[in-house]
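Reviewing the structure listed below.
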Amino acid sequence: MKSKYIKGVVLSGLIALMGLPSCQVMNKYKAPEVDSQNLFRDENPSDTTTIASIPWREYFSDPFLQSYIDEALNNNFDMLIVQERIKQAEAALGMARAAYFPDVALTAQVNQTRASNADPLTGIPQDKNTLGYHTEKYSLGIVASWELDLWGKMNRQSKSKYAQMLNSYAGRNLIQTSLISNMANIYYALLALDEQLKVTNDMIVLMGENLVTMEALKEAGMTNGAAVEQTRAALASAKASIPDLESNIRQLENAICTILGRNPGSIARSSIELQDVPIDLAHGIPAQMLARRPDVNQAELEFRSAFELTHAAKASFYPTITLNSGMIGYSTTNGLSHFFKPENLFASIAGGLTQPLFARKQLMTQYKVAKSEQQIALLTFEKTVLAAGQEVSDILYTYESSLRKNENRNVQVESLTKAVDYTHELLKAGEATYLEVLSAQQGLLEAQLNQVSDKLQQLQSTSDLYRALGGGIE
């Protein structure tokens, strides 16, 4: 009966402590308000259609690029590292939540006491006998210690860890969207270099034919040696640009391999001619962009974590109720033969209440620092929001400006192509000088290279806008 009574007292005490309501004196978290009006320059759209809602496999239609993006998402080292960061955050959250429960351990003790003139157990005087009187005490039981989260300090710390875990997920999404966009941009740049190399080689062939013509005209006395050498120099200049183009192509191939987690090697690909540039890119409303962008989510979660830690620091000013030591088990003296008898069962509990009075300004300093960190996180969030709006606005204008060049660029290339043909024929007829021929050829080469650069800029703008709007998470 006594053992049942002891157990009942201990359990009742623990249940009573656990049943006390947590006196939450702090405010609940509320996300910072954001004014998304006019976040995109010179426009305030109402159409919620956005390219960010398109899965990346549909948005990027090139099969080679699709395969590389898929491989990068599985093998890229940054993605693998962020997965480990997520595991760490999840483990930290589990540890924070476990703080609600008591620390429980199994303990066993053996105490031996010796005296010279008294019984160590009863204290009754005995005849003198140096260390001749002794007693042994054995105990085995379960010991527990626990802090009651009366003011929500541990609850706030747990919520902060939860926000940090969500932050790690947003970090993974940020790396994923950036990885998709970077892969597309490098792939498009590689295709552009291929096209520029092709254009340059075609012009080298044309310049070579022109050199043959100039040499024939010299033999016929229709031109001079200066014209021949000037033509030869222009041809050599064009040829000298080939190694740089080939080197850049090789470097981009190696960069793609690194992103894929491969050793350096060649990269299979299509051509820039097969890449379609959309005329209109739906970008939705600013609120959608802010909700989808991982960096904005991260900034908001950093503020959320700082908010919870500020209130956890504030809770440190209030009293703490702790179960310093609670134990239940068996204990005997001078023998183990009847150790587990009911009469040897015992229980003990020791609790306390502590109200901080003077802690050398540690608690106040911790609170002030936490409050400052919260304000820094809020300012960082607001800065991130503005930067997101600027990025989208810049990309949209860059894309639209590049599209406006297409018509004039096409006219330029078409006219210079005709000029090259006309001056070549006029040169053979003696109606044009070699300078007119060289000027037309060099102008055509520059215009064709710029035309390739224009398309590259447009393709990369579509990729950058997809990332800036928060696309690629699905």
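Between 0 and 90 degrees, the angle of helix 225-260 with respect to the longest Cα principal axis of the chain falls at about 20 degrees.
Close amide-amide hydrogen proximity is noted between SER325 and ALA350, each under 5 Å apart and 5 or more residues distant or on a separate chain (H modeled in the peptide plane; Pro and chain starts excluded). Stretched out straight at 0.36 nm per residue, the stretch from SER270 to THR365 would grow longer than its current Cα-Cα span by 28.1 nm.
For the residue pairs LYS87/LYS368; LYS153/LYS371; LYS30/LYS314; LYS153/LYS383; LYS30/LYS87, the alpha carbons lie more than 24 Å apart in LYS87/LYS368; LYS153/LYS383; LYS30/LYS87.
Whole-Hz Karplus values for the range 261-271 come out as x, 9, 6, x, x, 6, 10, 6, 7, 9, 9 Hz, taken residue by residue from phi with 6.51 cos²θ - 1.76 cosθ + 1.60 and θ = phi - 60°; glycine and proline positions read x.
The relative contact order of the range 183-338 comes to 22 percent, based on Cα pairs under 8 Å that sit 6 or more residues apart.
Of SER160, SER348, the sequence from fewest to most neighbouring Cβ atoms within 10 angstrom is SER348, SER160. For the range 68-75, the Karplus equation 6.51 cos²θ - 1.76 cosθ + 1.60, evaluated at θ = phi - 60°, returns couplings of 5, 4, 4, 5, 5, 5, 9, 10 Hz by residue, with Gly and Pro reported as x. Ordering ARG172, ARG232 by the number of other Cβ atoms within 10 Å of each residue's own Cβ, fewest first, gives ARG232, ARG172.
The GluC sites (Glu not before Pro) of the range 388-459 that meet both conditions, a loop assignment by DSSP and at most 16 other Cβ atoms within 10 Å of the site Cβ, are GLU431. Subtracting the Cα-Cα distance of GLN112 and LEU80 from their residue separation scaled by 0.36 nm leaves 5.9 nm.
Once the Cα atoms are used to define both axes, helix 2-19 deviates from the longest principal axis of the chain by about 40 degrees.
Under 15 Å Cα-Cα from LYS159, which aspartates and glutamates qualify once same-chain neighbours fewer than 8 residues away are excluded? The qualifying aspartates and glutamates are GLU90, ASP149, GLU300, GLU302, GLU308. A simple rule links phi to the HN-Hα coupling: the Karplus curve 6.51 cos²θ - 1.76 cosθ + 1.60 with θ = phi - 60°, which for the range 394-410 gives 5, 5, 4, 5, 4, 5, 5, 5, 5, 5, 5, 7, 4, 4, 5, 5, 4 Hz, with x for Gly and Pro. When PHE346, PHE381, PHE60 are arranged by Cβ crowding within 10 Å, least crowded first, meaning fewest neighbours, the order is PHE346, PHE381, PHE60. Model label points for PHE346 and LEU386, set 7 angstrom from Cα along the Cα-to-Cβ axis, are 6.8 nm apart.
Look at the alpha carbon pairs under 8 Å that are at least 6 residues apart: their mean separation over the length of the chain gives a relative contact order of 26 percent.
Read-outs: derived from the displayed coordinates by stated rules, not from any lab. Just so we're clear, the structure is a prediction, and the values are computed from it rather than from any experiment. When we count neighbours, we look across all protein chains shown, and the Cβ atoms used for this are built from the backbone with ideal geometry, even at glycine.
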